[in-house]
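Notes for the one structure printed next.
Just so you know, all these numbers are worked out from the coordinates, no wet-lab data involved. Because the structure is predicted, anything quoted here is derived from the model rather than measured. Here the Cβ positions follow ideal geometry from the backbone for every residue, glycine too, while neighbour counts run over all protein chains shown.
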Amino acid sequence: MLKYNMLNIPLTKSIENQIEFDIIELNDLLKLASWKDLESPHRLDFNLIMIVIEGEGIQNIDFKSYEYSKGTIFFVKSHQALSFKMNANLKCFFLEFTDNFLNKLIKNNIHNIFDYMKYPVNMQLSDSHFNDVINNINLLIEQLKIPVDDFKELILQSLLQSLLLQLTRNRILESLPLNNKEQKLYSDFIHLVHNSHTYTDQVNDYSKKLNISVRTLSNILYKYTNKSTKVYLDEFLLLEIKRYLLDDTLTLQEISNNLNFDEPTNLVKFFKRLEKQTPIKFKKRVRQI
């Protein structure tokens, strides 16, 4: 049986350019991984914004398929599962940057742009907004060509921040805004979940860490995501299991250990309850997509 290793693609950072930000095109990405590798599920070791300039096709992110055309933008957070349905006519920009680079920008609502549990991973730009975004990207590309000095990274951060604010404006129009206190609590909760959530972590554990009641936490989650805290945590854990399952170098026992299931049978029960199929059937289905 063919074994699949989950490919991790690194940031295309040159030795002389230690800035953790870059803009590449499809041909550049094909220098890091083969066409076949990109069509198989893989993970990126950085955050990615993909902006389609020409071409139509399908992109798979976290086991769901999304159509794209000119003006489509995909937001992919580091370590999400990604696979391309490769299209020779596709022209696009890939903006890639690390969490470290992103954390140097102003907080505001920028970080939530990658909140894939709340927002769709894709967005369609109007023609006018598309032109504005491309103009901003061209400024970033010109700045990347300049030799590194004391100002280059700061200017790149400023230009990227401007671009992310443009895109965030569109994103937040689709949702009910939170007040500053709620926003901080929500952001702190997301940080805790994305960095350490396992099967043994319960809603009550998070409310204690955030020093708020279970009810307050649930109200904020429901207001912001239209999901209860329990549903949110279960869906997040399900995604983590799916990502682990794509790596055939890991046994079910190892995945169970990583996510604090006391035994693999409980992981299987959890998975079947939410996904309506076994982990083995899920792996077979994903390999056929």
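Which of Asn195, Asn138, Asn100 moves the most in a Gaussian network model of the chain with Cα springs under 10 Å?
With Cα springs under 10 Å in the chain, the top fluctuation among Asn195, Asn138, Asn100 is at Asn195.
Quick one: order Phe271, Phe94 by neighbouring beta-carbon count within 10 Å, fewest to most.
Numbers: Phe271 23, Phe94 20.
By the 10 Å Cβ count, ascending: Phe94, Phe271.
Could you tell me the calculated FRET efficiency between Glu54 and Asn180, based on Cβ-Cβ distance and R0 = 41 angstrom, to the nearest 0.05? Spell out each step's value before the answer.
Details: r = 41 Å, r/R0 = 1.00.
Taking R0 as 41 Å, the efficiency between Glu54 and Asn180 is 0.50.
Can you sort Glu254, Glu96 so the residue with the fewest Cβ neighbours within 10 Å comes first? Mind showing how you got there, number by number?
Values: Glu254 13, Glu96 27.
Going from least to most buried by this count: Glu254, Glu96.
If you plug each phi of segment 134-149 into the Karplus form 6.51 cos²θ - 1.76 cosθ + 1.60 with θ = phi - 60°, what whole-Hz ³J(HN,Hα) values come out, in order, with x for Gly and Pro?
After applying 6.51 cos²θ - 1.76 cosθ + 1.60, I find 5, 4, 5, 5, 4, 5, 5, 4, 4, 5, 5, 6, 6, x, 5, 9 Hz.
Mind checking which of Leu26, Leu245, Leu95 has the largest fluctuation in a GNM of the chain, springs on alpha carbons under 10 Å?
Highest fluctuation among the options: Leu26.
Mind checking which of Ile73, Ile134, Ile146 has the largest fluctuation in a GNM of the chain, springs on alpha carbons under 10 Å?
Per the Cα network of the chain with a 10 Å cutoff, Ile146 tops the list.
With the contact rule set at Cα under 8 Å and sequence spacing of 6 or more, what percent relative contact order holds for the chain? Show your work: numbers first, answer last.
Numbers: 372 pairs, mean separation 47.3, N = 289.
It comes to 16 percent, rounded to a whole number.
Take each of the peptides 179-188, 38-47, 221-230, average the number of other beta-carbon atoms within 10 Å over its residues, and list them starting from the highest. Numbers along the way, then the final one.
On the way: 179-188: 14.2, 38-47: 19.2, 221-230: 17.4.
So the order, starting with the most tightly packed, is 38-47, 221-230, 179-188.
Determine the calculated [θ] at 222 nm for the chain from helices alone, applying -39500 (n - 2.57) to every DSSP H run no shorter than 4 residues and normalising by the residue count; nearest 500 deg cm²/dmol.
On the way: 12 runs with 137 residues, N = 289.
That calculation yields -14500 deg cm²/dmol at 222 nm.
In percent, how large is the relative contact order of segment 7-172, given Cα pairs closer than 8 Å and 6 or more residues apart?
Values: 271 pairs, mean separation 38.7, N = 166.
Relative CO of segment 7-172 lands at 23 percent.
Given contacts defined as C-alpha pairs under 8 Å and at least six residues apart, what's the relative contact order of segment 143-289, whole-number percent? Mind showing how you got there, number by number?
Values: 78 pairs, mean separation 24.4, N = 147.
Relative contact order, segment 143-289: 17 percent.
Give me Leu90, Leu30 sorted ascending by neighbouring Cβ count inside 10 Å, so fewest comes first. Could you put the intermediate results ahead of the total?
Working: Leu90 19, Leu30 14.
So the residues, fewest neighbours to most, are Leu30, Leu90.
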